[in-house]
């Protein structure tokens, strides 16, 4: 529970209430009664937080999650939400390596919805689907590379033309050593910028030994790392504590690495963020408030 609280920003008292009083979260239990939270449980906590932030009462959240309406496949076109259809169109374009169709869809959706909604309801689900296809040997590395190249071009243009006169805390953002998938951390960087943070972006596969000096030279207030694989033991037990000691500023780790290795990340003195971008930004803000 302490680990889930660190990842989601929801305190243990609230997590217990959601479990016991409202039945929203039902983690598995060990024979000794210890809670075992899955990735789905963490995603559910983040979903509840988003609903509450949107002004929905806890009783309404309980009803919505406890009694979801699942439409048969043949009736999906009648769903009032268009996102499933958008996701299917995007995946279809990716499987055909059809950049024109993907570009048309992306521009169409951006013309209708704010970028944070597009990120949460289209881009991240598509990335997740491609990753699952690859894990299940249904997909290919080419699919991920194709979509990755497309998104780097789109996000790179947005990043280049972002408003430069923000005055918030400055974050040094990059991927963990060996992590070459940067779309998630680019999406985080743009979202953090929209929340007033200044961003120094270094991209994928950054050696940790470079970061303390870089953060000092750039005047950064914190370092944010991201990864999707389990880091090597030496990185968790030696390199991260060394970085924290040399940087003299908070170090955060997001992505699925922060879920899989949250306990080791905390032992190193760094803070796990989890996989939800909005919750990660909120967790960083809370950490800065705690330091004041």
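A few remarks follow.
- Simple spin-label estimate for residue 165 and residue 209 gives 4.2 nm between the two label positions (7 Å along the Cα-to-Cβ direction from each Cα).
- The label point for residue 116 and the one for residue 39, both projected 7 Å from the Cα toward the Cβ, are 2.5 nm apart.
- Helical content alone sets the calculated 222 nm signal of the chain at -16000 deg cm²/dmol, taking -39,500 (n - 2.57) per DSSP H segment of four or more residues and averaging over every residue.
- Look at the alpha carbon pairs under 8 Å that are at least 6 residues apart: their mean separation over the length of the stretch 144-292 gives a relative contact order of 20 percent.
- On full extension, the segment bounded by residue 230 and residue 16 gains 74.2 nm, given 0.36 nm per residue less the C-alpha separation.
- The chain: antiparallel DSSP beta bridges as a percent of all, rounded to 5: 10
- For the stretch 151-215: rounded, prolate or oblate by the Cα gyration tensor [a/c cutoff 1.5]: oblate
- Distance between the 7 Å Cα→Cβ label points at residue 195 and residue 218: 1.7 nm.
- Relative contact order %, the chain, counting alpha carbon pairs below 8 Å whose residues are six or more apart: 15
- Of the peptides 40-51, 275-286, the order by per-residue mean of other Cβ atoms within 10 Å, starting with the highest, comes out as 275-286, 40-51.
- Whole-number percent relative contact order across the stretch 73-160, with pairs defined as alpha carbons under 8 Å at least 6 apart: 28
- Using the Cβ-Cβ distance between residue 134 and residue 88 with R0 = 22 Å, the FRET efficiency computed as 1/(1 + (r/R0)^6) comes to roughly 0.75.
- Calculated volume of the Cα convex hull per residue in Å³ (choose from [x] 207; [y] 165; [z] 120), label: [y]
- The stretch 15-49 residues near the modelled residue 290 label - backbone nitrogen below 17 Å, point 7 Å along Cα→Cβ: 15
Values in this text are rule-based calculations from the coordinates and carry no lab data. What you see is a predicted model; the values in this text were computed from it and never measured. Here Cβ is always computed from backbone atoms with ideal geometry, including for glycine, and neighbour counts include all displayed protein chains.
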